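Written below as structure tokens is the structure these notes are about.
The values are calculated or read from the model by the stated rules, or taken from the named source; none is laboratory data. Note that the coordinates shown come from a computational prediction; the quantities given were computed from them, not determined experimentally. For neighbour counting, all protein chains shown are included, and Cβ atoms are generated from backbone atoms with ideal geometry for every residue, glycine included.
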Amino acid sequence: MKTFFAIIYNFYYKHEDKTDAHFVSIFYLSLLITFNFMSLLMAIYIYYFPRFNFSFYWIIIFFLVAMGSLYFAFIHRKKHLKILEEYKSKSKWLKFLYKTLLFLYAVASIIIMSYAATLLRALNLS
């Protein structure tokens, strides 16, 4: 996750004094984690507990908790500067590999969540 944070940060970083790239990175990483958590909840709901009802508000709470956790893991006490220095010292090939893995992780998360939501909707309609 530290590498994914550094990749997103470098993508949104502007060479100005005021930038919010670290908050955008935290937002996108927590969004991906929430997608995976929602997929897991939907899979549990479909396969094991079809009578279990989970609220949309719990997803929002999980998203906010994930954002808070990532904030304290990456930004609090300027930890993101050390993470960025480690990332910048990597070779170009390794950076390309990490960017490809981040892209595949994001695409896979979105596809799995969409598939689980479609399957859940189809089961609830029938």
Verdict on residue 19 being free of Cβ contacts under 8 Å to residues at least 60 places away in the same chain and assigned to a loop (DSSP other than H, G, I, E, B): yes
Some residue of region 97-106 being without any contact (Cβ under 8 Å) to a residue 12 or more places away in the chain, part of a helix (DSSP H, G or I), loosely packed, with under 11 Cβ neighbours inside 10 Å and not small (Gly, Ala, Ser): yes
The listed residue being at positive phi and without any contact (Cβ under 8 Å) to a residue 24 or more places away in the chain, out of 82, 78: 78
Yes/no for residue 73 being closer than 30 Å to residue 122 by Cβ and assigned to a helix (DSSP H, G or I): no
Which listed residue, of 89, 25, 55, is modelled with pLDDT of 85 or more, exposed (fewer than 15 other Cβ atoms within 10 Å of the Cβ) and out of contact with any Gly (no Cβ under 9 Å at 6 or more places or on another chain): 89
Residues (free of Cβ contacts under 8 Å to residues at least 60 places away in the same chain and among the aromatic types (Phe, Trp, Tyr)) located in region 50-75: 52, 54, 56, 57, 58, 62, 63, 71, 72
Top-ranked residue in region 30-70 [being in a helix (DSSP H, G or I) and among the polar types (S, T, N, Q); ranked as nearest to the chain's Cα centre (by Cα)]: 30
